[in-house]
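Undergrad: I'd like to ask some things about the structure below.
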Amino acid sequence: MSILANKDTRAVIIGGVAGVNAAKRMAQFDYLINRPLTVQAFVYPPEAGQQKEIFRGGELKNVTVYSSLTPALQEHPEINTALIYLGASRATQAAKEALESPNIQLVSMITEGVPEKDAKRLKKLAQQLGKMLNGPSSIGVMSAGECRLGVIGGEYRNLKLCNLYRPGSFGVLTKSGGLSNEAMWLCAQNGDGVTSAVAIGGDSYPGTDFVTYLEMFEKDPDTKAVVLVGEVGGNLEEEAAEWLAAEPRRIRLIAAIGGTCQEVLPQGMKFGHAGAKEGKKGAGSARSKMNALREAGALVPDTFGGLSKAIKQVYEELLASGAIKPESEIDEALLPELPPSVQEVMKQGEVIVEPLIRTTISDDRGEEPRYAGYAASELCAKGYGIEDVVALLWGKKLPTREESEIIKRIIMISADHGPAVSGAFGTIIGACAGIDMPQAVSAGMTMIGPRFGGAVTNAGKYFKMGVKEYPNDIPGFLAWMKKNVGPVPGIGHRVKSLRNPDQRVKYLVSYVKNETSLHTPILNYALEVEKITTAKKDNLILNVDGTMGCILMDLGFPEHSLNGFFVLARTIGMIGHWIDQNNQNSRLIRLYDYLINYAVKPERPVPDKK
Ligand code: Q5B
């Protein structure tokens with residue numbers, strides 16, 4: 001048997017990340033002893049509706065997060081235990097609510113720093129309602145072979161080493177979580193292991209005291225002895241001594257008290273636990289607690305180190321008296337191993353996993369992202385700019401200063417072209433319809449295509465082809481394009497023409513040709529094409545897409561990256577338009593009738609259906 005938690009225990013965890021981590025550890029224990037999942041639900045309003053993935057061995061279970069306790073308990077009437085994993089500011093209210101829930105019989109709180117007045121109120125409430133409140137500051141409860149509440153017991157291997165997969169004969173009571181693990185280990189090494197272990201928490205006012213748990217152990221026929229690890233401060237150990245002395249007890253009590261070192265340290269010094277702060281030589285000191293327990297009949301070693309011997313002695317006496325039958329040990333090899341994660345098995349070199357994707361540009365596995373091998377912060381520190389990051393991530397090489405200046409100008413010059421163009425207009429319509437920024441900007445983005453902004457890649461591609469296939473035959477190139485492609489990408493503009501030149505194009509061409517040493521065979525070729533097309537029609541100029549495509553191709557960027565420059569640059573403009581419309585609280589756009597030519601049939605009667 002056990003106290004507090006058993007095979008029927010089903011828990012709700014109230015809290016976020018720490019609670020989920022505890023649930024994962026609890027599920028490991030469930031797997032070890034082959035019991036159903038202990039944690040049935042989480043309550044954590046910020047993540048309500050989510051499902052947390054909990055592995056019970058290799059089996060994946062989805063545990064729902066609820067916004068509050070009421071729906072969690074409605075959907076899981078089997079829940080009888082609540083574990084509080086919230087910060088001190090919200091833990092008291094959560095514990096109160098849990099205690100007041102009819103089905104919940106036990107509340108265990110890991111929360112540290114619960115105000116003493118709150119702890120006292122919770123304790124009173126639990127007593128009034130006849131419920132158990134363990135903690136605050138408790139690592140949890142372990143009932144060997146039955147149930148684990150919280151992370152008590154430590155890692156999976158330790159659960160096996162402490163024989164926690166099956167009950168023994170020793171109860172364990174501690175304040176400290178760490179010492180509860182230590183005490184369970186000592187019981188396994190020097191005795192036959194534990195029935196239940198309870199860490200009551202190191203606060204001045206724990207929800208439940210040692211005596212209450214001693215009473216419970218006394219009533220549990222499987223518990224033959226209790227190992228109590230107390231500490232300086234408070235009077236819970238003295239109360240335990242009084243309880244032991246009050247009448248003959250069935251269980252043996254072994255006690256170790258930490259804090260005798262306080263005798264040689266300055267008075268008033270506080271130890272790790274909130275409750276471990278009183279006494280030097282008098283009441284509350286480790287020495288007086290040891291004496292009281294000894295006088296009451298407990299076996300009290302002089303130091304913690306003597307605990308092994310004391311446990312062994314009591315175990316052998318219980319064996320000799322026939323109170324305990326020797327445990328037939330389970331072959332540890334028969335206990336289940338936790339299935340290793342893919343990462344672990346890969347580390348051992350025992351499995352080959354075909355990668356799902358391959359990347360050649362960036363790596364975030366170190367302390368910070370590296371772009372083509374260069375740490376982002378180092379690029380900043382050495383004066384590189386966004387244009388260099390673009391070149392690294394799109395072209396995988398660091399541009400020269402001269403090349404960076406060209407890229408920078410390309411992005412600057414194509415960032416926006418007013419509200420009338422398809423992309424900006426799309427975003428503006430979205431913004432006016434109240435659409436959020438990412439969606440409104442992507443409405444504008446969808447306009448980027450063969451006619452608007454998305455001709456950069458094909459301009460670079462076909463002008464490069466022209467250089468190669470028709471170096472001295474532009475009419476031949478144009479004829480081939482007409483036959484095989486259609487309008488030459490990068491040529492033509494709705495409003496710009498020879499008479500109304502596109503200054504962006506003029507500037508870029510002039511900058512690249514006159515202020516840099518870039519070799520520009522593709523741009524030169526496109527300018528020759530422009531001479532022919534504008535002779536036919538004066539708006540068939542080399543447009544901004546075409547100019548960008550040629551220069552970027554001359555810079556050596558991968559062909560399929562080129563449209564990315566327009567997408568990147570114009571995103572800046574589209575975001576600007578979205579912000580602008582929102583700043584103005586713009587109204588929903590509806591086209592005026594006079595902007596639409598209704599080339600429809602006149603109104604007429606609907607014929608009868610045949
Ligand atoms: N014709 C851009 O056309 C536009 C011809 C051609 C041979 C050509 C057209 C085109 C290629 C795609 C391209 C990028 C659709 C443009 C940009 C960014 C922007 C936008 C902004 C910004 C304009 C009339 C006559 C027809 C056609 C012939 C036209 N283009 N012939 N090669 N490339 N270009 N797009 O004015 O004999 O009458 O039947 O598709 O490079 O998007 O500011 O607005 O920053 O936002 O509507 O600059 O040129 O003329 O299509 O009615 O054609 O010209 O065959 O001949 P239009 P269309 P015909 S830059």
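The values are calculated or read from the model by the stated rules, or taken from the named source; none is laboratory data. Here the structure is a predicted model, which means the values were calculated and not measured. Note that each Cβ is placed from the backbone with ideal geometry, even for glycine, and that neighbours are counted across all protein chains shown. Accessible surface areas use protein heavy atoms only, side chains included; no ligands, DNA or RNA. Shrake-Rupley method; radii C 1.70, N 1.55, O 1.52, S 1.80 Å.
Undergrad: Is the range 120-140 home to any residue that is open to solvent by 10 Å² or more (accessible area, probe 1.4 Å), basic (K, R) and either assigned to a loop (DSSP other than H, G, I, E, B) or at positive phi (or both)?
TA: yes
Undergrad: Tell me, which residue of the range 86-115 that is part of a helix (DSSP H, G or I) and modelled with pLDDT under 95 is most open to solvent (accessible area, probe 1.4 Å)?
TA: Among those that are part of a helix (DSSP H, G or I) and modelled with pLDDT under 95, it is S89.
One line per residue, one yes/no per condition, for (1) outside any loop (DSSP other than H, G, I, E, B); (2) of a type in the set (D, E, K, R); (3) assigned by the TED database to the domain that holds L60:
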| residue | (1), (2), (3) |
| --- | --- |
| Q343 | yes, no, no |
| M346 | yes, no, no |
| I357 | no, no, no |
| C380 | yes, no, no |
| D388 | yes, yes, no |
| L398 | no, no, no |
| I406 | yes, no, no |
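Undergrad: Of the residues G549, G564, G576, G556, which is surrounded by 23 or more Cβ atoms within 10 Å (Cβ to Cβ) and either touching a residue at least 40 places away in the same chain (Cβ under 8 Å) or over 24 Å from G449 (Cα atoms) (or both)?
TA: G549 is the lone residue from the list that is surrounded by 23 or more Cβ atoms within 10 Å (Cβ to Cβ) and either touching a residue at least 40 places away in the same chain (Cβ under 8 Å) or over 24 Å from G449 (Cα atoms) (or both).
Undergrad: Moving on. Would you confirm whether any residue within the range 424-434 is open to solvent by 80 Å² or more (accessible area, probe 1.4 Å) and either more than 8 Å from the ligand (Cβ to nearest atom) or at pLDDT 95 or above (or both)?
TA: yes
Undergrad: Here's something else I'd like to know. With a cut-off of at least 2 residues that are in the same structural domain as R451 (by the TED database), modelled with pLDDT of 95 or more and near the ligand (Cβ under 8 Å from one of its atoms), name the helices (runs of 4 or more DSSP H) lying wholly within the range 462-541.
TA: Output list reads 474-484, 521-536.
One line per residue, one yes/no per condition, for (1) in the same structural domain as M132 (by the TED database); (2) out of contact with any His (no Cβ under 6 Å at 6 or more places or on another chain); (3) among the basic types (K, R); (4) not in a helix (DSSP H, G or I):
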| position | (1), (2), (3), (4) |
| --- | --- |
| M1 | no, yes, no, yes |
| K24 | yes, yes, yes, no |
| Y31 | yes, yes, no, no |
| L37 | yes, yes, no, yes |
| G49 | yes, yes, no, yes |
| E53 | yes, yes, no, yes |
| V63 | yes, yes, no, yes |
| Q74 | yes, yes, no, no |
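Undergrad: Still on this structure, I have one more. Residue check: is L83 assigned by the TED database to the domain that holds D203, in contact with a helix residue (DSSP H, G or I) (Cβ under 6 Å, 6 or more places away or on another chain), surrounded by 21 or more Cβ atoms within 10 Å (Cβ to Cβ) and of a type outside the set (S, T, N, Q)?
TA: no
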